[in-house]
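Peer 1: One structure is given below, represented as structure tokens, and several questions about it will come after.
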Amino acid sequence: MTIRWRHCAMILCCLLLLNGCAVRMLYNWLDWAIVWKLDDYFDLNRQQKAVLDQQVEGLLQWHRYQALPDYVVALRALSFDLRRPLSEAEVDQHMRTFERLSRQLADGLKGPANKFAVVLTDEQIQRYVHERWKKLREQRDEYKEENGAKVYASFKKKLEKNLRNWIGDLEPAQQPLIEESSKWQQQYYGSWLDYQQVWVQAVEQTLAARGTPAFESGLVSVLLKGDELGNGRFKQYVADSRARSVTWFSQLSASLSPQQREELRGKLSDLAADLDALSKR
């Protein structure tokens, strides 16, 4: 999928990749984690950290009591439907649900992020943007190595690891799906890097508008990275990526063995229960 999170939004959403006591423990440490990550990005002074602490506290209170219940409903619905293979229409429906939740999170971040961003100095922002450009250049250099073979191997390794975390040992029927996804990622990695370049430019423009309503609308576009970036230049890329994701996840659901299916459904249900408990504290 092309929608990827950055900064504190990434930290919030990574909870969905965990289960059990890890979710409860990390969620309760989330205020510290967000401050630590943004301090790493911007090298904050004491006053800036105080402003950030205040905004993070309000953000997490909203997220715990207003947003988490919606994730609980979505995860339980997905677990229920996975009792059998999902059609592409069903995958699309679940993806739309999580896309809606992503927009809900982005909307919730607007106000707190703007109040924090306004205390950042031009020097801090320039340093942050410089580091993003540096990382992008490194990614381009890596892509050139061995005609993208290194990128393919990295994608494949990460995908296999993520699948094992969710469904256990992999079946032979899943290897072609893993290779297909990795090859597609390799094929379109150049387009993804071009997309990242537009994203960094959008970040720079958004941060320059801090303290104004333009910052808040720009933040939503940057976080969700939809086809509105680049004046629609990547609209087809985003659409193709999403369509491929729908097909791929439907095929993956059909490839699950009974044991894998129960493993996945159980982890989704456990995660929903943990988030439900967190939302009621």
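The values are calculated or read from the model by the stated rules, or taken from the named source; none is laboratory data. As the structure is a computational prediction, the values presented were derived from the model and not from experiment. Note that each Cβ is placed from the backbone with ideal geometry, even for glycine, and that neighbours are counted across all protein chains shown.
Peer 1: Just to be sure before I move on: is Gln54 over 20 Å from the mean Cα position of the chain (by Cα) and loosely packed, with under 14 Cβ neighbours inside 10 Å in the structure I sent? It would help to see each step written out before you state the result.
Peer 2: Details: over 20 Å from the mean Cα position of the chain (by Cα): yes; loosely packed, with under 14 Cβ neighbours inside 10 Å: yes.
Criteria met by Gln54.
Peer 1: Those residues that are under 18 Å from the mean Cα position of the chain (by Cα) and surrounded by fewer than 20 Cβ atoms within 10 Å (Cβ to Cβ), I need them from segment 204-221; list them, please.
Peer 2: Restricting attention to segment 204-221, the residues satisfying the condition of being under 18 Å from the mean Cα position of the chain (by Cα) are 218-221.
If the condition is that a residue be under 18 Å from the mean Cα position of the chain (by Cα) and surrounded by fewer than 20 Cβ atoms within 10 Å (Cβ to Cβ), then Val220, Ser221 are the ones that fit.
Peer 1: Which residue pairs have Cβ atoms closer than 7 Å, lie 6 or more positions apart in sequence or on different chains, and pair a first residue in segment 252-264 that is over 12 Å from Ala173 (Cβ atoms) with a second residue that is assigned to a helix (DSSP H, G or I)?
Peer 2: Matching pairs, first to second residue: Glu263/Ile167; Leu264/Trp166; Leu264/Ile167.
Peer 1: Scan segment 14-42 residue by residue and report those that are among the aromatic types (Phe, Trp, Tyr), in contact with a Leu (Cβ under 8 Å, 6 or more places away or on another chain) and at pLDDT below 85.
Peer 2: Tyr27
Peer 1: Consider segment 226-281. How many of its residues are touching a helix residue (DSSP H, G or I) at 6+ places or on another chain (Cβ under 6 Å), under 25 Å from Lys183 (Cβ atoms) and among the charged types (D, E, K, R)?
Peer 2: Selection size over segment 226-281: 1.
Peer 1: Give the residues of segment 102-124 that are buried (at least 18 other Cβ atoms within 10 Å of the Cβ), in a helix (DSSP H, G or I) and not polar (S, T, N, Q), sorted by residue number.
Peer 2: Leu105, Ala106, Gly108, Leu109, Pro112, Ala113, Phe116, Ala117
Conditions (1) modelled with pLDDT of 90 or more; (2) surrounded by 18 or more Cβ atoms within 10 Å (Cβ to Cβ); (3) in contact with a His (Cβ under 6 Å, 6 or more places away or on another chain); (4) over 27 Å from Glu160 (Cα atoms), marked per residue:
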{"site": "Gln201", "(1), (2), (3), (4)": "yes, no, no, yes"}
{"site": "Asn231", "(1), (2), (3), (4)": "no, no, no, yes"}
{"site": "Val238", "(1), (2), (3), (4)": "no, yes, no, no"}
{"site": "Val246", "(1), (2), (3), (4)": "yes, yes, no, no"}
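Peer 1: Could you please find all residues in segment 190-215 being under 18 Å from Gly111 (Cβ atoms) and touching a Ser or Thr at 6+ places or on another chain (Cβ under 7 Å)?
Peer 2: Just the residues of segment 190-215 that are under 18 Å from Gly111 (Cβ atoms), to begin with: 206-207, 209-215.
Across segment 190-215, the qualifying residue is only Phe215.
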